[in-house]
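The values are calculated or read from the model by the stated rules, or taken from the named source; none is laboratory data. All of these numbers come straight from a predicted model, not from anything done at the bench. With ideal geometry, Cβ positions are generated from the backbone for all residues, glycine too; neighbour counts draw on all protein chains shown.
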Amino acid sequence: MKRDLDLIRKILQICEEAEYGFAPHAITVEGYTDDQIGFHIYLAGQAGLMLTEDVTAIGERSPAASPVSLTWQGYEFLEASRDDGIWSKAKRAANASGGLAFDVVKSVLITLTTVAAKKALGLG
C-alpha cells in the first residue's frame, strides 16, 4: 500500500477536531477503507505526528494502529498545512523534486508558511 499524505493530513484534522485531547476511537474518511486508514494511522505514529496504539492482529494484511492523541509535531504539521493552497504548492514542489518525501513536504510547508506570514506582515 502506498503512503498517502493527503489521508494522513485528513486523519490529523479529524483528531484535532475532537472535543478533548484524545483522538476519536473510530475514524472514517470518505473514499478510504478501514485498512487504509488503520495503516496510515500506524504511519502517522511512526512519523511522530500522533501517539498510537498498535492494534495489528495476527493474520492481518497490513499493520494497523488506533489513534490516541496528536503530538506537538502533529499540531505543527497541521498548522503548516492548514491552508489548502499552501498544501497543494508544497505537494507540487515535493513531487517536482522527485517524490513526495515527508521531510521535503514539511520543509516546503514551513518555507511557504513563513513567506505567507512575512507577506501578511508587510515584511516580504
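General remarks:
- The conditions of being out of contact with any Leu (no Cβ under 6 Å at 6 or more places or on another chain), part of a loop (DSSP other than H, G, I, E, B) and of a type in the set (Asp, Glu) are not met by Glu79.
- Residues satisfying the stated conditions in segment 75-89, i.e. within 9 Å of Thr113 (Cβ to Cβ) and either aliphatic (A, V, I, L, M) or exposed (fewer than 15 other Cβ atoms within 10 Å of the Cβ) (or both): Glu79, Ala80, Arg82, Ile86
- Test: residue in segment 33-56 that is out of contact with any strand residue (DSSP E or B) (no Cβ under 9 Å at 6 or more places or on another chain) and small (Gly, Ala, Ser): yes
- Screening Arg9 on (1) farther than 14 Å from Gln73 by Cβ; (2) at pLDDT 95 or above; (3) basic (Lys, Arg) shows it passes everything except condition (1).
- Being surrounded by 13 or more Cβ atoms within 10 Å (Cβ to Cβ), among the hydrophobic types (A, V, I, L, M, F, W, C), over 14 Å from Arg3 (Cβ atoms) and touching a residue at least 24 places away in the same chain (Cβ under 8 Å) is a property that holds for Val68.
- Count of residues meeting criterion [of a type in the set (S, T, N, Q) and not in a helix (DSSP H, G or I)] in segment 82-124: 1
- Here Gly48, Gly21 are screened, and the one residue that is without any contact (Cβ under 8 Å) to a residue 40 or more places away in the chain and surrounded by fewer than 17 Cβ atoms within 10 Å (Cβ to Cβ) is Gly48.
The rows are residues; the columns are (1) assigned to a strand (DSSP E or B); (2) of a type in the set (Asp, Glu); (3) in contact with a Phe, Trp or Tyr (Cβ under 8 Å, 6 or more places away or on another chain).
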residue	(1), (2), (3)
Phe22	no, no, no
Glu30	no, yes, no
Ile41	no, no, no
Thr52	yes, no, yes
Tyr75	no, no, no
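- Residues in segment 80-124 that are among the charged types (D, E, K, R) and within 11 Å of the chain's Cα centre (by Cα) were compared, and the one that is nearest to Arg3 (Cα to Cα) is Lys106.
- Filter result (closer than 12 Å to Pro67 by Cα, over 13 Å from the mean Cα position of the chain (by Cα) and surrounded by 14 or more Cβ atoms within 10 Å (Cβ to Cβ)) within segment 25-37: Ile27
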